[in-house]
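Here the structure comes first, spelled out in structure tokens, and everything after it is commentary.
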Amino acid sequence: MTTPAHPADSTVWTRKHLLGLEDLSAEEIIAILDTAESFAEVSTRSRKKVPALQGRIVFNLFFENSTRTRTSFSLAAKRLSADTQDFSASTSSLSKGESFIDTARNIEAMGADVLVVRHPTPGTPHLLAQHVGCSIINAGDGAHEHPTQALLDLMTIRRAKGRIDGLTVGLLGDISHSRVARSNIHALTKLGAQVILCGPPTLVPRGWERFGCEVAYQLDDVLPRCDVVNVLRIQFERQQLGLFPSVAEYSQFYMMTQERVRLGKSDLLLLAPGPINRGVELTPEVADGVNSAILDQVTNGLAVRMAVLYLLSGRVEPGPRDGRDGRARQ
Ligand code: CP
């Protein structure tokens with residue numbers, strides 16, 4: 001196998017966990033994207049498997065529903081020859097009062113090397129990293145961060161446009177409740193993109209210009225300047241009260257339609273993290289149209305998650321029964 005240079009040999013990647021993109025440098029983000037490009041080639045082979053993580057155990061701990069992230073982490077680990085195990089919160093002993101930390105410690109005691117964690121509470125992966133010795137990957141913590149989603153978004157942009165630096169990227173819709181928006185902002189601005197946050201005033205947090213973003217409330221005004229628009233889902237499940245009059249009104253002003261696509265550049269790239277709500281955030285014609293890279297994002301997500309698992313594996317130490325010190329390192 002043509003394996004990327006091992007992280008142990010890398011001067012760029014020295015982290016044990018991937019908790020978010022806020023703390024990563026541009027060089028670290030690029031190291032992940034470059035490693036993902038190497039792994040993308042593996043997915044084109046007839047035998048889509050390499051031995052890089054043979055003998056390692058990757059646990060998926062998902063406390064929120066997921067289609068793309070859970071399955072692609074699982075598949076990524078399998079393609080690296082790791083053993084994988086899904087943890088089902090609803091059928092676990094959490095219902096008998098076992099704490100989240102005790103649950104994680106028990107899973108670690110089974111020899112887990114990497115815990116992939118999705119949880120509705122922001123900061124949960126950071127908390128876990130303080131209590132277990134294995135590597136933690138944040139697969140989405142509340143409205144805080146979703147680092148691998150933003151990395152796959154960047155990989156898709158870089159593949160389509162050949163660069164990130166100098167592009168104008170619109171993040172459209174429910175910015176307030178979006179962990180994807182936060183991770184995208186951190187990564188895109190570090191890599192030199194201009195980010196425009198666009199949505200109804202009630203769904204765009206005040207003061208986010210401090211992150212180096214432009215804020216706009218009229219989509220049609222900013223669309224002509226965008227090279228990329230990332231269409232975010234309205235997260236009704238995280239909204240405590242009605243933040244806009246109706247879905248119909250939202251769609252009138254912010255749904256990506258063919259007419260709006262024509263307002264943009266001819267090579268406008270449309271992304272959406274999924275799940276998508278056809279007829280709310282974008283029309284079916286746009287979702288399936290030539291400007292859409294939605295399914296490319298899913299494909300690239302596999303390569304990104306292989307890269308992250310691989311890079312972190314260089315920081316995994318022996319398990320508790322053979323000397324893991326249990327100390328948390330970031
Ligand atoms: N984009 C994303 O995180 O999708 P899932 O919720 O299906 O994992």
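The values are calculated or read from the model by the stated rules, or taken from the named source; none is laboratory data. For clarity, every value in this text was computed on a predicted model and none was experimentally measured. With ideal geometry, Cβ positions are generated from the backbone for all residues, glycine too; neighbour counts draw on all protein chains shown.
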* Could you grab the pairs with beta carbons closer than 6 Å, sequence gap of 6+ or different chains, first residue in the range 63-78 and closer than 11 Å to V298 by Cα, second one near the ligand (Cβ under 6 Å from one of its atoms) and small (G, A, S)? => R68/G274
* Asked: Across the range 29-75, what is the total count of residues that are outside any loop (DSSP other than H, G, I, E, B), more than 15 Å from A112 (Cα to Cα), within 16 Å of the ligand (Cβ to nearest atom) and among the polar types (S, T, N, Q)?
  -> 3
* Asked: For the range 263-294, what are the residues that are more than 16 Å from the ligand (Cβ to nearest atom) and at positive phi?
  -> G279
* Is it the case that the range 201-224 has a residue that's part of a loop (DSSP other than H, G, I, E, B) and in contact with a Gly (Cβ under 6 Å, 6 or more places away or on another chain)? -> no
* **G314 vs. criteria touching a residue at least 24 places away in the same chain (Cβ under 8 Å) and at positive phi** => no
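Can you say whether F87 is modelled with pLDDT of 95 or more and aromatic (F, W, Y), as far as the supplied structure shows? Can you show your working first?
Working: modelled with pLDDT of 95 or more: no; aromatic (F, W, Y): yes.
For F87, the condition - modelled with pLDDT of 95 or more and aromatic (F, W, Y) - is not met.
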* Structure fact -> For the range 98-125, pairs from a residue that is on the phi > 0 side of the Ramachandran plot to a residue that is more than 16 Å from the ligand (Cβ to nearest atom) and outside any loop (DSSP other than H, G, I, E, B), with Cβ under 6 Å and 6 or more apart or across chains, are G111/I57
* Asked: Out of (1) farther than 30 Å from T14 by Cα; (2) surrounded by fewer than 23 Cβ atoms within 10 Å (Cβ to Cβ); (3) of a type in the set (A, V, I, L, M), the odd one out for V298 is which?
  -> (1)
